[in-house]
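Reading through the structure tokens given below for one structure.
The values are calculated or read from the model by the stated rules, or taken from the named source; none is laboratory data. Keep in mind that this is a model prediction, so the values were computed, not measured. Every residue, glycine among them, receives a Cβ derived from its backbone with ideal geometry; neighbour counts consider all protein chains shown. Accessible surface areas use protein heavy atoms only, side chains included; no ligands, DNA or RNA. Shrake-Rupley method; radii C 1.70, N 1.55, O 1.52, S 1.80 Å.
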Amino acid sequence: EAQVTQNPRYLITVTGKKLTVTCSQNMNHEYMSWYRQDPGLGLRQIYYSMNVEVTDKGDVPEGYKVSRKEKRNFPLILESPSPNQTSLYFCASRHERRPYEQYFGPGTRLTVT
Amino acid sequence: GEDVEQSLFLSVREGDSSVINCTYTDSSSTYLYWYKQEPGAGLQLLTYIFSNMDMKQDQRLTVLLNKKDKHLSLRIADTQTGDSAIYFCAEESRGGYQKVTFGTGTKLQVIP
């Protein structure tokens, strides 16, 4: 079954404590992306990756890092989380040449106090 | 930067057609997408249209694209209560999967 998994699904943390949200896909997709969803703002792209070791900034990359060392994994790293990073985060993957073959993870709800 | 706009809310009666509208600013879009998000769930790709197409039909869904006016619409025929959800349009910029810009989402309420 085609799947994008994220962990954890829920996280409450304190300002400044480094955290990583993992994302993994089992479809051998080249493209992966991270989004955050905030009320009234829709989804905004944080970072995307077009293949292993190829990443680039989306619209709201400040305060986030990513890495793509393996094709299946695309972790999102918050080195020093702040309350304005409280949000719902989604990871997504997509086939390079088949835009209809794309999937989103179930989401990670992050609260930074 | 790119901007994608949608109305926030739409209410229809079960069995009627729903039309959700979207406007965008990026004239170099390659693909335009419609997604559905049910409460507490991730996004599900409903349909997409390539930027050189005017219309695409897929069962109850019809997508219309007016490139001149940068207007995208999603028509759901015979709307059912299971169609109640938030619908997002999104555009993908030319050159591959470089940037994807989402609208703010339209909440569709289907009244039985």
Given the conditions (1) under 19 Å from residue B:3 (Cα atoms); (2) at the interface with another protein chain (Cβ under 10 Å from one of its Cβ atoms), and given that residue B:91 satisfies all but one, which numbered condition is not satisfied?
(2)
Qualifying residue in segment A:51-58 (condition: without any contact (Cβ under 8 Å) to a residue 24 or more places away in the chain, open to solvent by 20 Å² or more (accessible area, probe 1.4 Å) and under 27 Å from residue B:6 (Cβ atoms)):
yes
Of all residues in segment A:28-58, which are more than 21 Å from residue A:7 (Cα to Cα) and either in contact with a Cys (Cβ under 8 Å, 6 or more places away or on another chain) or among the basic types (Lys, Arg) (or both)?
A:57
Test: residue A:11 is hydrophobic (A, V, I, L, M, F, W, C) and over 12 Å from the mean Cα position of the chain (by Cα)
yes
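Which one is nearest to the other protein chains (Cβ to nearest Cβ) among residues in segment A:85-100 that are open to solvent by 40 Å² or more (accessible area, probe 1.4 Å) and in contact (Cβ under 8 Å) with a residue 24 or more places away in the chain?
Filtering segment A:85-100 down to residues open to solvent by 40 Å² or more (accessible area, probe 1.4 Å) leaves A:86, A:96-98, A:100.
Subsequent filtering for residues that are in contact (Cβ under 8 Å) with a residue 24 or more places away in the chain retains A:86, A:96.
Numbers: A:86: 17, A:96: 7 Å.
Filtering segment A:85-100 for residues that are open to solvent by 40 Å² or more (accessible area, probe 1.4 Å) and in contact (Cβ under 8 Å) with a residue 24 or more places away in the chain, the one nearest to the other protein chains (Cβ to nearest Cβ) comes out as A:96.
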Looking only at segment B:96-112, filter to residues that are more than 10 Å from chain A (Cβ to nearest Cβ) and open to solvent by 30 Å² or more (accessible area, probe 1.4 Å); which one of those is modelled with the lowest pLDDT?
B:112
In segment B:20-35, how many residues are within 19 Å of residue B:8 (Cβ to Cβ), among the β-branched types (Val, Ile, Thr) and in a strand (DSSP E or B)?
2
I'd like to check which strands (runs of 3 or more DSSP E) are fully inside segment A:1-98 and have at least 1 residues that are over 20 Å from residue B:93 (Cβ atoms) and of a type in the set (A, V, I, L, M).
A:4-7, A:10-13, A:19-25, A:76-78, A:87-94
Go over the candidates A:96, A:79 one by one and state the one that is modelled with pLDDT of 95 or more and of a type in the set (Asp, Glu).
A:79
Looking at (1) more than 14 Å from chain A (Cβ to nearest Cβ); (2) under 24 Å from residue A:34 (Cβ atoms), which is the one condition that is false for residue B:80?
(2)
Scan (1) touching a residue at least 24 places away in the same chain (Cβ under 8 Å); (2) open to solvent by 70 Å² or more (accessible area, probe 1.4 Å); (3) under 29 Å from residue B:39 (Cβ atoms) for the single condition residue A:43 breaks and write down its number.
(2)
